[in-house]
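Here is the structure we will look at.
The values are calculated or read from the model by the stated rules, or taken from the named source; none is laboratory data. Nothing here was measured: the structure is a model prediction, and the numbers come from that model. Because the Cβ atoms are built from the backbone with ideal geometry, glycine has one as well, and the counts that use them run over all protein chains shown.
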């Protein structure tokens, strides 16, 4: 019986759980250590042990989703904003520390892999795009039943697609910092909703107030949902998926987000594509990241067993 540990590393929280015999155990969670690279690596090593709990021995493998651009073949973190891991060969470092195979991928990518599976962990969607609406806005892509990573591992950065920028070549970019003004993340992320908060309300407080019938909060949530809906339309127009899934902390807004986002997306989808894709909230909720990381490890173990001479090269999960 294969036993793997999945780790979902976020900018504020890290979660880890064991996947054994198609059953995902309870998640161990801790606030993310962002003070230093070594401290964070030490935390990740410790989280594996915490997830295993009283279970004896080592897992067969560990999968980890990281909010960064990842060179999948080597497990190197190419670029990272919210966690101090830029240029760290994380697959090698953790593998040496844990003594088991480690597979590293983008956090939204592994969440998309989880969402392509149903509650029994059977693959049910072969073409899926996921938008993770949290502090920022990321995404993951599954095409033909396989993770699509792109040429360098950076595919799915939907937050950096541009929705409102000058098209005059004489007008320079607004900033060299990311997210750029006019990007989807700048208008559709959790931070974007935070910025609309009158009286210092957070995005979560705005959503709660909207749910309680506050008209001003409701208008702010509808503007936010409008922006997310444009992102959904762009995903459908680009990839023609079976499903677009909205996940991340923003999905906690439920129908307040989903309903308007669906309606707006429908207005911007090409007529030839309209009506085919299902737009829904993440079925695995906040556990999509940790489940997807575990599934990544499980799938890669299976692929390696079938073809032990095949080095990782961005092969799909």
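The set of residues in region 76-99 that are over 21 Å from residue 136 (Cβ atoms), buried (at least 23 other Cβ atoms within 10 Å of the Cβ) and touching a residue at least 24 places away in the same chain (Cβ under 8 Å) contains only 94.
Across region 204-249, the number of residues qualifying as modelled with pLDDT under 95, surrounded by fewer than 21 Cβ atoms within 10 Å (Cβ to Cβ) and under 18 Å from the mean Cα position of the chain (by Cα) comes to 1.
Considering only strands (runs of 3 or more DSSP E) fully contained in region 52-166, which possess at least 2 residues that are in the same structural domain as residue 301 (by TED's automatic domain parsing)?
Values: elements: 61-66, 68-71, 76-80, 102-106, 128-133, 137-143.
The qualifying strands (runs of 3 or more DSSP E) are 61-66, 68-71, 76-80, 102-106.
Quick check, is residue 285 more than 17 Å from the chain's Cα centre (by Cα) and touching a residue at least 12 places away in the same chain (Cβ under 8 Å)? Answer is no for this residue. All of 45, 5 fail the test of being at pLDDT 95 or above, in contact with a helix residue (DSSP H, G or I) (Cβ under 8 Å, 6 or more places away or on another chain) and in a helix (DSSP H, G or I), apart from 45.
Of the residues 265, 293, 252, which is assigned by TED's automatic domain parsing to the domain that holds residue 221 and either crowded, with 21+ Cβ neighbours inside 10 Å or in contact with a helix residue (DSSP H, G or I) (Cβ under 6 Å, 6 or more places away or on another chain) (or both)?
On the way: 293 fails: assigned by TED's automatic domain parsing to the domain that holds residue 221; 252 fails: either crowded, with 21+ Cβ neighbours inside 10 Å or in contact with a helix residue (DSSP H, G or I) (Cβ under 6 Å, 6 or more places away or on another chain) (or both).
Answer to the check: 265.
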